[in-house]
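Comments concern the structure below.
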Amino acid sequence: MVIAIDGPGGAGKSTVAARCAQLLALPHLDTGATYRAATVAALRCGADPGHPEAVLAAVMGAAIRYESGQVWLDGEDVTDATRSAEVAAAVSAVSAHPQVRRVIVDLQRAWVGAHGGAAVVEGRDIGTVVFPQASVKVFLTARPEIRAARRAAEEDPAALERRDRFDASRETSPLRPAADALVIDTSDLSVEEVVATVVGLVLEDGRQTSCD
Ligand code: DC
């Protein structure tokens, strides 16, 4: 059972995913953190983020591990580094390379498998590409000014908008809702309201599955 939570930056994915995972007693995978760790690896190797071969070589040579919201690169906790402005500026370019995505998507699927096959997974392409068979798919959105305000402490609004536009227009696994995803505009909703909707979908899915 995978619960896929996709959407742009500042839509509320991380908060909602963490709370749903807690309520449902499921592990939570933030796939953005895995792309950010890949970006740290690329930058540390001096790879140009726009250069697929150089980025791929850096990522293939790196051991990325994710657990409970923290991320390690070759045994070093790089969680803080993944949240730097330098990484935010390069992560869209790094994650646009199809070969890099293949490696990182394998890691994400293996992570869910290693955690028993059931998890709350948040990202951009979880419902469309990584887990198209997910039991529940939601796509969170919010008005641009709301997303910018939520991310203000971490990222300049113009940079966030640029990143979202790039993520949504890339050729491989662009940011977009799956055809069977429920799209929720979180602009005027509380976290608990969004969480209640997602948990409601999970419980409904569980009831349907047990009656099949
Ligand atoms: O959620 P985040 O801001 O930490 O994500 C950082 C970047 O990683 C985002 O701009 C695009 C990329 N990403 C992706 O391409 N696919 C995902 N499933 C998750 C993130």
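Tell me, what is the percent relative contact order of the range 75-212, built from C-alpha pairs under 8 Å that lie six or more residues apart?
Once normalised by length, the contact order is 29 percent.
Hey, if you put +1 on the Cβ of every Lys and Arg and -1 on every Asp and Glu Cβ in the range 149-212, which of Val198, Pro174, Ser187 ends up farthest toward the positive end of that dipole?
The Cα lying farthest towards the positive end belongs to Pro174.
If one computes the Cα centroid of the range 116-149 and of the range 7-48, what distance in Å separates the two points?
Here the two parts' Cα centres lie 11 Å apart.
Can you tell me what percent of all Cα-Cα pairs in the chain are more than 24 Å apart?
Value for the chain: 39 percent of Cα pairs lie more than 24 Å apart.
What accessible area per residue comes out for the range 58-149, rounded to a whole number of Å², with a 1.4 Å probe?
42
For Ser68 and Ala118, calculate 0.36 nm times their separation in residues minus their Cα-Cα distance, and state this gained length in nm to one decimal.
Length difference between fully extended and current span is 16.5 nm.
Under a point-charge model restricted to the Cβ atoms of Lys and Arg (+1) and Asp and Glu (-1), what is the dipole moment magnitude of the range 50-110 relative to its Cα centre, in debye to the nearest 20?
Numbers: 5 positive and 8 negative charges, 65 e Å.
Magnitude of the dipole: close to 320 debye.
Hull surface divided by four, with the convex hull built on the Cα atoms of the range 132-212: how many nm²?
That works out to 6.6 nm², a quarter of the Cα hull's surface.
Ignoring ligands, DNA and RNA, please state the percent of accessible area on the range 73-212 from carbon and sulfur, probe 1.4 Å.
Carbon plus sulfur share of accessible area: 54 percent.
Rounding to the nearest 20 debye, state how big the charge dipole of the range 1-99 is about its Cα centre with +1 on each Lys and Arg Cβ and -1 on each Asp and Glu Cβ.
In debye, rounded to 20, the range 1-99 gives about 280.
Return the calculated 222 nm mean residue ellipticity for the chain, to the nearest 500 deg cm²/dmol, obtained by summing -39500 (n - 2.57) across DSSP H runs with n ≥ 4 and dividing by the residue count.
Using -39500 (n - 2.57) per qualifying helix, the result is -16000 deg cm²/dmol.
Dipole of the range 72-212, Cα-centred, from +1 at each Lys and Arg C-beta and -1 at each Asp and Glu C-beta, to the nearest 20 debye?
Here the size comes out at about 420 debye.
The values are calculated or read from the model by the stated rules, or taken from the named source; none is laboratory data. Since we're looking at a predicted model, the values are computed, not measured. All Cβ positions, even for glycine, are placed from backbone atoms using ideal geometry, and neighbour counts span all protein chains on display. Ligands, DNA and RNA are stripped out before the accessible areas are found, and what is left, the full protein with its side chains, is counted by its heavy atoms. Shrake-Rupley method; radii C 1.70, N 1.55, O 1.52, S 1.80 Å.
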